[in-house]
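All remarks here apply to the structure that follows.
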Amino acid sequence: MPNKIRLVVHGAAGRMGQSVLRIALERDDCEVCAALAPSQSTLIGEPLSQVYGKGAPDIEFTSQLDPDLLPDAMIDFTGARAFDTALGLAVGRRIPFVSGTTGLSDDQRLALADAGRSIPVLWAANFSLGVALLRRMTAVAATVLPAEFDAEIIEAHHKFKQDSPSGTALALGRAIAQARRVDFDSVARYGRAGVTGPRRDGDIGFSVVRAADIVGEHTVLFAAPGERIELTHRAGSRAVFAHGAVRAAIWLARQRAGTYDITDVLG
Ligand code: NAD
């Protein structure tokens with residue numbers, strides 16, 4: 001393994017991709033060897049130094065991964081469709097694969113698990129340390145509190161977000177369902193409108209806000225008559241997720257084939 005982990009950034013033109021590039025370029029234990037964007041992106045052919053200054057490596061944004069490159073890890077933040085391309089590329093070229101792309105289908109989750117048999121893979125709905133802790137605290141609360149406590153998850157994101165509820169909100173809901181030993185899909189309730197009747201016992205409700213430039217906020221609410229517990233995480237900058245993803249990629253580059261969780265990296 002080289003001293004500097006060679007990273008491919010897939011989705012390099014996106015909000016997260018650019019944040020990942022910025023963070024990776026600041027570190028001395030990794031280097032960016034490819035920045036992949038769709039062929040129609042205006043960034044194709046632009047030198048990275050044009051966007052990130054003189055410290056950037058002497059490469060251009062491209063749509064294809066150079067067949068001669070030997071990357072140590074790939075980081076993907078794109079969308080559900082581009083995710084398939086990224087995973088296919090990682091498996092085909094045997095590149096350890098980190099992805100934060102949300103809105104994946106069940107089939108895509110299966111494909112990810114399957115890929116873990118031949119390469120190291122790590123997918124996380126959220127790469128922040130704070131959210132990893134929130135997930136743990138949520139599982140503890142759901143284990144300790146009796147099922148009479150109603151569980152609701154409220155999330156807020158910027159107005160361009162494509163999927164809803166967020167992958168993090170779903171992961172928090174799954175943590176509650178797992179702690180309560182119930183099937184998540186049978187208790188998840190997505191939004192309420194019209195004459196809904198009373199709340200069904202045991203449901204896990206999701207409420208979604210989309211506005212302006214909110215980076216990401218999640219509240220897990222447990223309520224029983226007369227008392228309420230609220231666990232909240234607010235991300236103020238995408239850099240929080242980018243730092244976590246780059247750290248995860250550097251760590252994953254040294255692992256054997258398998259499916260890993262963000263808590264394996266963050267502890
Ligand atoms: P974005 O729309 O700004 O960026 C997505 C980028 O993917 C776009 O630039 C698009 O051009 C690019 N893309 C599409 N097809 C491509 C292809 N075939 N090859 C290369 N690039 C391609 O979105 P974003 O805000 O950067 O978010 C991206 C994903 O990351 C979303 O699913 C979002 O929910 C998720 N996200 C995850 C975390 C986390 O911590 N896990 C944090 C923030 C966002």
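The values are calculated or read from the model by the stated rules, or taken from the named source; none is laboratory data. Bear in mind that the values here come from a model prediction, so they are computed numbers and not experimental data. Here Cβ is always computed from backbone atoms with ideal geometry, including for glycine, and neighbour counts include all displayed protein chains. Only protein heavy atoms, including side chains, enter the accessible area calculation; ligands, DNA and RNA are left aside. Shrake-Rupley method; radii C 1.70, N 1.55, O 1.52, S 1.80 Å.
Residues in segment 163-181 that are surrounded by 15 or more Cβ atoms within 10 Å (Cβ to Cβ) and more than 25 Å from Ala211 (Cβ to Cβ): 6 in all. Tell me whether segment 87-110 contains one or more residues that are open to solvent by less than 20 Å² (accessible area, probe 1.4 Å), within 14 Å of the ligand (Cβ to nearest atom) and touching a Lys or Arg at 6+ places or on another chain (Cβ under 9 Å). No, segment 87-110 has no match at all. Inspection of segment 195-213 identifies no residue that is modelled with pLDDT under 95, closer than 30 Å to Ile23 by Cβ and not charged (D, E, K, R).
Residue count for segment 182-207 satisfying the condition of being of a type outside the set (D, E, K, R), in contact (Cβ under 8 Å) with a residue 12 or more places away in the chain and open to solvent by less than 60 Å² (accessible area, probe 1.4 Å): 9. If you filter segment 1-22 down to residues that are without any contact (Cβ under 8 Å) to a residue 60 or more places away in the chain and small (Gly, Ala, Ser), you find that the one that is nearest to the ligand (Cβ to nearest atom) is Ala13. Look at (1) within 13 Å of the ligand (Cβ to nearest atom); (2) over 20 Å from Lys161 (Cβ atoms); (3) not in a loop (DSSP other than H, G, I, E, B) and you find that Gln50 fails only one, number (1). Tell me, please, whether a residue that is under 29 Å from Ala113 (Cα atoms), in contact (Cβ under 8 Å) with a residue 12 or more places away in the chain, buried (at least 18 other Cβ atoms within 10 Å of the Cβ) and out of contact with any strand residue (DSSP E or B) (no Cβ under 6 Å at 6 or more places or on another chain) can be found in segment 249-263. Within segment 249-263, one or more residues are under 29 Å from Ala113 (Cα atoms), in contact (Cβ under 8 Å) with a residue 12 or more places away in the chain, buried (at least 18 other Cβ atoms within 10 Å of the Cβ) and out of contact with any strand residue (DSSP E or B) (no Cβ under 6 Å at 6 or more places or on another chain). Pro57 fulfils the conditions (1) part of a helix (DSSP H, G or I); (2) farther than 16 Å from Gly244 by Cα; (3) away from the ligand (no atom under 16 Å from the Cβ) except for a single criterion, (1). Sub-6 Å Cβ pairs linking a first residue in segment 81-106 that is on the phi > 0 side of the Ramachandran plot to a second residue that is more than 8 Å from the ligand (Cβ to nearest atom) and open to solvent by less than 60 Å² (accessible area, probe 1.4 Å), at least 6 apart or interchain, are Arg94/Ile119, ordered by first then second residue. Among the residues of segment 60-72, those identified as assigned to a loop (DSSP other than H, G, I, E, B) and either open to solvent by less than 100 Å² (accessible area, probe 1.4 Å) or more than 20 Å from Ala253 (Cα to Cα) (or both) are Ser63, Gln64, Leu65, Asp66, Leu69, Pro71, Asp72. Just wondering, is there one or more residues in segment 10-26 that are in a loop (DSSP other than H, G, I, E, B) and acidic (Asp, Glu)? Scanning segment 10-26 turns up no residue that is in a loop (DSSP other than H, G, I, E, B) and acidic (Asp, Glu).
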